[in-house]
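The values are calculated or read from the model by the stated rules, or taken from the named source; none is laboratory data. Just so we're clear, the structure is a prediction, and the values are computed from it rather than from any experiment. Note that we place each Cβ from the backbone using ideal geometry, even for glycine, and neighbour counts take in every protein chain shown. For the accessible areas, the whole protein counts, side chains as well, though only heavy atoms, and no ligand, DNA or RNA atoms are used. Shrake-Rupley method; radii C 1.70, N 1.55, O 1.52, S 1.80 Å.
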Amino acid sequence: MTHIVDRRLNGKNKSAVNRERFLRRYRHHIKKAVSDAVQRRSITDIERGESVSIPSRDIDEPVFHHGQGGRREVVHPGNQEFLAGDSIAKPPGGGGQGQGDGQASPDGEGMDEFAFQITQEEFLDFLFDDLELPNLARKKLKDTEAFKYVRTGFTTQGVPAKLDVVRSLRGAHARRLGLAGARRKKIKELEAQLAALKSAPDDLDAAFSHKDQIEVLEAEIARLKANVRRIPFIDEIDLRYRQHQKHPQPATSAVMFCLMDVSGSMTQMHKDIAKRFFILLYLFLKKNYKKIDVVFIRHHTSAKEVDEEEFFYSRETGGTIVSSALKLMHKIIESRYSPSEWNIYAAQASDGDNWNDDSPVCSKILADHVLPLVQYYSYVEITPQDHQMLWYEYEKILERFPQSFAMQQIADAGEIYPVFRQLFERKAA
């Protein structure tokens, strides 16, 4: 039997199949390394890859082998220190010549590790692996064309990367059967005649003796077998290449509204925490959608749509009327982002401070105008103190819209990622 092994490498001498298998096998170690990386590095630095170390004891492969077996007699050289039956003390740790770090652990396990690097895309996949976007919907994409390559059978010409080995070998086998089938059948018939002639007594009176007939049959059998051997195992006409055609594919699109309070009670520390939360949400949306628009709305007593630079670093400040931002968001949705075409997500960051008379207005705007249009709305209150009136009004909204509204409190930067996971954790079916 002939075996064909495809050893062609991917780009930069890397095998994508083997790497995916490796990442699946050591998924637990990689997820732990990614979780540790999130805790020690800035969210703004979260898009790069990460170095992952796996203890060497976890990458050992099981091996089957024959034991020594049998009875053996071994003669050891004598010595002046030990007698038969003496026990030898265990050597002190760190005295060996191995490649470890010289630090022995109490349970006898070493510290040797296998280290490798995961890419930015792999890092984000593991970071958001067990999270999901609530109410994820597929809407038609506006102003963007997306295409998908679809299998459309096989062709006799193509590039080596699209060669279908199994289909080609199947065609080659059918060709060999077709070309050699009649010859093999004829060979079997001639071999049967040859065997009968060799076993039958020779007729001396016949003009054509058995010996001559045997020679003729043997020559014909040899000729037919030579013809069968000349049939190639695989020919150029057997090669089949996978054929793909580019078909238009509707893609997903999303808009992300970032609402932030910039009143006098919001310090730079509050704004930095809000920025990190918004960046984390943007990366998460980017993983799920082909196209993302980001709308920045900052507010104090009045709301304004701004660019990213002004959103985070403008020094304009004032009092606090949260409803102004919600009204502006609803106006922008009606004018530019139709819910039939866009998946709408919103994240609001505030320290909870608001005029008491305005908090019920915010609750009404959310319930009647905003939440019916959006896929998900998350509110984070950045304060270590007790909640204020806005939080309690939003709790009423949470009771009415548990599927599309979520709220959490953040006291310091270390709580950003845990809170994010609580807001977007995968819900059981």
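Listed peptides 63-70, 148-155, 167-174, 390-397 appear in the order 390-397, 167-174, 148-155, 63-70 once ranked by packing, highest mean of other Cβ atoms within 10 Å at the front.
Would you mind classifying region 276-429 by shape? Square roots of the alpha carbon gyration tensor eigenvalues, ordered a ≥ b ≥ c; an a/c under 1.5 is rounded, otherwise it is prolate if a/b is larger than b/c and oblate if not.
In terms of gyration-tensor shape, rounded.
When each of the peptides 355-361, 403-409 is scored by the mean number of other C-beta atoms lying within 10 Å of its residues, the order from highest to lowest reads 403-409, 355-361.
How far, in nm, would the chain grow between Asp86 and Thr301 when pulled straight, counting 0.36 nm per residue and subtracting the alpha carbon separation? Walk me through the numbers on the way to the answer.
Values: separation 215, 0.36 × 215 = 77.40 nm, distance 8.79 nm.
Residue separation times 0.36 nm, minus the Cα-Cα distance, leaves 68.6 nm.
Of the solvent-accessible surface of region 304-425, computed with a 1.4 Å probe and all protein chains present, 48% belongs to carbon and sulfur.
Taking 0.36 nm per residue of separation and subtracting the Cα-Cα distance, full extension of the segment from Glu189 to Thr152 would add 8.9 nm. Which of the pairs Lys271/Lys331; Lys290/Lys364; Lys327/Lys396; Lys186/Lys211; Lys32/Lys327 have their Cα atoms more than 31 Å apart in this structure? Among Lys271/Lys331; Lys290/Lys364; Lys327/Lys396; Lys186/Lys211; Lys32/Lys327, the Cα-Cα distance tops 31 Å for Lys290/Lys364; Lys32/Lys327. Accessible surface area normalised per residue over region 310-416 is 44 Å², counting heavy atoms of protein chains with a 1.4 Å rolling probe. In this simple spin-label model, placing a label point 7 Å from the Cα along the Cα-to-Cβ direction at both Val74 and Arg230 gives a separation of 6.4 nm.
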